[in-house]
Amino acid sequence: MSAEKILVTGGAGYIGSHACVELLQVGYDVIVVDNLSNSKPESLARVEKITGKALHFVEADIRDKQALNDIFSTHDIYAVLHFAGLKAVGESCAQPIRYYENNVYGTLVLTEMMQQYGVKRIIFSSSATVYGEPDTVKYTEDLPVYGATNPYGKSKAMVEDILKDLATADKLSNASDPWKVILLRYFNPIGAHLSGLIGEDPNGIPNNLVPYVSQVAVGKLEQLSVFGGDYPTIDGTGVRDYIHVVDLVKGHLNALQAIQNISGCKAYNLGAGKGYSVLEVISAFKRITGKSINYKIVERRAGDIAENYADPGLALRELNWQTEKNLDDMVADTWRWQSTNPNGYA
Ligand code: NAD
Ligand code: UD1
């Protein structure tokens with residue numbers, strides 16, 4: 001029997017490239033569609049180097065119907081891992097149309113083509129940001145998802161709705177080959193592949209904590225601004241659930257195993273279930289890299305919450321998945337990537 005083919009949208013990006021490695025390593029055939037708007041083809045060359053296996057790359061936009069038609073008419077695809085999307089919160093507030101067009105319309109084109117070709121299994125990269133600002137710090141999947149505070153987060157909630165509606169439509173009509181949808185709500189993915197060959201390569205000055213700290217450690221940036229020192233948390237700084245990117249993508253492999261037995265649409269949190277403060281992350285970086293991290297506590301960042309972490313129990317029970325790596329692994333792997341590739345893939 002030939003290997004199952006997986007279409008990975010956004011496969012050249014940070015999380016997608018790590019997913020390609022794990023997919024190839026367990027024997028799937030991988031087709032990547034990426035417009036390279038936030039990535040470089042070098043990441044895919046490195047995926048092939050790590051795995052010793054070839055993947056099929058199509059440089060195209062998921063909004064390009066003809067390009068998707070060519071892919072679906074050429075390949076018999078088992079399922080789609082849908083990573084392609086724009087993800088910068090601040091940018092989404094400044095350019096909402098671009099974000100909705102890319103993330104929401106892009107998904108509409110993709111699912112329309114999937115439907116046309118009868119490919120009805122999709123695993124979507126959602127985010128804990130869809131929960132908005134609930135009254136609890138430990139998030140379960142049954143919290144409402146209508147509180148996102150920015151166009152990026154709202155685009156994720158809209159895509160979740162679209163995918164849910166597709167599954168519902170097939171349930172209502174008793175379709176013989178119904179949509180099977182898994183929404184994976186990521187907490188804070190960090191880290192890099194153990195080889196140090198692939199990792200996160202943000203454009204310009206990073207917005208997120210760990211890429212920023214690692215660029216301070218490597219000497220590219222001078223000082224980290226810690227956004228807020230007066231939150232009601234363990235040390236006054238923000239607390240988040242950091243998850244190693246390899247653990248995260250392994251969750252997708254478990255989801256692929258489970259998807260055929262899913263009824264309709266299911267959402268799962270992918271997180272460690274434990275939070276760390278900004279100062280705890282800085283201290284892990286200092287300890288593991290031996291570098292001093294210059295930082296200053298400044299005003300809170302607008303839109304930030306004090307603390308959150310996942311309840312990952314549902315993913316354990318139903319996908320048989322849990323994280324295996326700890327904060328030290330995440331920092332050590334981030335550092336291996338950052339210190340051996342100080343300019344990313346450039
Ligand atoms: P990334 O920017 O590194 O990867 C996204 C990839 O999608 C890039 O290679 C980009 O070129 C491609 N892309 C974007 N729009 C496209 C389009 N219209 N057509 C084809 N390709 C397109 O981001 P990432 O960190 O790997 O995130 C992957 C997914 O996970 C995104 O959907 C993101 O919103 C989601 N997510 C990420 C995080 C995070 O912290 N990194 C957290 C929660 C959810
Ligand atoms: C951010 C996004 C969120 C997105 C997530 C993906 C915002 C408001 N939220 O979440 O929608 O899903 O990234 O990874 O942008 N911090 C600093 N200094 C910095 C950067 C961050 O102190 O230079 C602090 C933040 O205040 C926060 C923590 O570090 O307490 C983590 O921040 P970040 O990595 O940006 O992630 P989130 O805020 O959780």
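Odds and ends about this structure:
- Qualifying residue in region 281-294 (condition: under 30 Å from Ala3 (Cβ atoms) and either modelled with pLDDT under 95 or out of contact with any helix residue (DSSP H, G or I) (no Cβ under 9 Å at 6 or more places or on another chain) (or both)): no
- Filtered residue count, region 84-107, keeping only those that are exposed (fewer than 15 other Cβ atoms within 10 Å of the Cβ) and aliphatic (A, V, I, L, M): 2
- Asp135 passes every criterion in (1) surrounded by 15 or more Cβ atoms within 10 Å (Cβ to Cβ); (2) modelled with pLDDT under 95; (3) more than 15 Å from ligand 2 (Cβ to nearest atom) apart from (1).
- Residue among Gly199, Gly219 that is under 15 Å from the mean Cα position of the chain (by Cα) and either part of a loop (DSSP other than H, G, I, E, B) or without any contact (Cβ under 8 Å) to a residue 24 or more places away in the chain (or both): Gly199
- Of all residues in region 179-196, those that are surrounded by 21 or more Cβ atoms within 10 Å (Cβ to Cβ) and either part of a helix (DSSP H, G or I) or more than 15 Å from ligand 2 (Cβ to nearest atom) (or both) total 5.
- Among the candidates Gly85, Gly52, residue that is closer than 19 Å to Ile6 by Cα and away from ligand 2 (no atom under 16 Å from the Cβ): Gly52
- Residues (part of a strand (DSSP E or B) and either among the basic types (Lys, Arg) or under 23 Å from the mean Cα position of the chain (by Cα) (or both)) located in region 253-299: Cys265, Lys266, Ala267, Tyr268, Asn269, Leu270, Tyr276, Ser277, Lys296
- For region 191-233, the set of residues classified as under 19 Å from Leu327 (Cα atoms), out of contact with any Phe, Trp or Tyr (no Cβ under 9 Å at 6 or more places or on another chain) and either β-branched (Val, Ile, Thr) or within 15 Å of ligand 1 (Cβ to nearest atom) (or both) consists of Asn208, Pro211, Tyr212, Thr233, listed by residue number.
- Inclusion of Asn254 among residues that are of a type outside the set (A, V, I, L, M) and over 21 Å from Gln25 (Cα atoms) is not warranted.
- If the condition is being in a loop (DSSP other than H, G, I, E, B) and either within 26 Å of Thr340 (Cα to Cα) or within 26 Å of the chain's Cα centre (by Cα) (or both), then region 222-232 contributes Glu222, Gln223, Gly228.
- Region 300-321, residues that are free of Cβ contacts under 8 Å to residues at least 60 places away in the same chain, more than 15 Å from Arg240 (Cα to Cα) and assigned to a loop (DSSP other than H, G, I, E, B): Ala302
The values are calculated or read from the model by the stated rules, or taken from the named source; none is laboratory data. On a predicted model such as this, the values are computed, not experimentally measured, just so you know. Backbone-built Cβ (ideal geometry, glycine too); neighbour counts: all protein chains shown.
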